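The values are calculated or read from the model by the stated rules, or taken from the named source; none is laboratory data. All values reported here derive from a predicted model rather than from experimental measurement. FYI the Cβ positions are ideal-geometry reconstructions off the backbone, even for glycines, and counts take in every protein chain you see. Just the protein is used for accessible areas: all its heavy atoms, side chains included, with ligands, DNA and RNA removed. Shrake-Rupley method; radii C 1.70, N 1.55, O 1.52, S 1.80 Å.
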Amino acid sequence: MPDPDLRARLLQNYPMLGKLPAAEIDGLLAQAMPLSLPAGAVVFDESQPCQGFPLILSGSLRVIKAAPSGRELQLYRVLPGESCILTSSCLLGNSRYQARGLAEQPLEMLLLPAPYFHVLLGKYDAFREYVFHLFSDRLTDLMHLVSAVAFQKLDQRLAALLITKPSPLHTTHQALADELGSAREMVSRLLKGFAEQGWVRLAREQIEVTDAKALQRFAEL
């Protein structure tokens, strides 16, 4: 008998699954593998085959592209209620991963086996619409990322990133560098410049935005 608490959490995060017959939801819960991973754990890596479709219940997943030099560029995040279009693409194309997935926070999810993913995709419009709606949203996000990397300077991208974060932001310069696909030294130098302008206040593993409007204007130059 499926765990009623797990069922409730799944439907709370993925309400479109509520459009499936109750027996199908029970089958999903019986087939799916529950996984709990600590922060920093590798969920999938480049060139690995895709094992299933993740349904995230708590935590967050970072999808990154790593260079041989060790530099990283964050492609997108996956939060509860969302899923990973790279995984969907691998499942649909029977291909291997071309990026790495890392647990950004302690991650709890259900991994839907690939054969059952294809069953749901073929049988139910609600599930199929959800998967392809994800593609549309994520492709828009990735186009914005490509545009920023190609046409914006790093200092503008950093300013734009800071105004999307809560303030004060508890993070490291290395974490921001990873998100921007840059080097820690570059980000530290730019943050120091922002602090001298009076736009931010820096402390150990903390950044407080003190002039969001100035950062916004700078990011839009």
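Brief remarks follow.
- Whole-angstrom gap from the stretch 13-91 to the stretch 175-207, using each part's C-alpha centre: 30 Å
- Based on Cα contacts under 8 Å between residues 6+ apart, the stretch 1-132 shows a relative contact order of 35 percent.
- Nearest-ten-degree value, helix 22-31 long axis tilted from longest Cα axis of the chain: 70 degrees
- Seen from every direction in turn and averaged, the convex hull around the alpha carbons of the stretch 125-171 projects onto 4.7 nm².
- The calculated 222 nm mean residue ellipticity attributable to helices in the chain amounts to -14500 deg cm²/dmol, summing -39500 (n - 2.57) over DSSP H runs of n ≥ 4 and dividing by all residues.
- Across the chain, the relative contact order, built from alpha-carbon pairs under 8 Å that are at least six residues apart, equals 21 percent.
- Compared with the alpha-carbon gap, the fully stretched path from THR172 to ALA30 is longer by 47.1 nm at 0.36 nm per residue.
- Crossing angle, helix 114-123 versus the chain [Cα axis fit, 0-90 degrees, rounded to tens]: 70 degrees
- Counting only protein heavy atoms and a probe of 1.4 Å, the accessible surface of the stretch 1-98 is 54% carbon and sulfur.
- Rel. contact order, % - alpha carbon contacts under 8 angstrom, at least six apart, the stretch 50-102: 45 percent
- The alpha carbon radius of gyration of the stretch 123-209, expressed as a multiple of 2.2 N^0.38 Å, is 1.40.
- Of the solvent-accessible surface of the stretch 122-183, computed with a 1.4 Å probe over protein heavy atoms with every protein chain present, carbon and sulfur atoms account for 61 percent.
- Surface/4 estimate of mean projected area, convex hull on alpha-carbon atoms of the stretch 58-129, nm²: 5.5 nm²
- Sites PHE132 and GLN51, calculated FRET efficiency, Cβ-Cβ separation with R0 25 Å, nearest 0.05: 0.70
- For the stretch 73-183, the spread of Cα coordinates along the three principal axes comes to 48, 31, 25 Å, biggest extent given first.
- Rolling a 1.4 angstrom probe over the protein heavy atoms with all chains in place gives the chain an accessible area of 53 Å² per residue.
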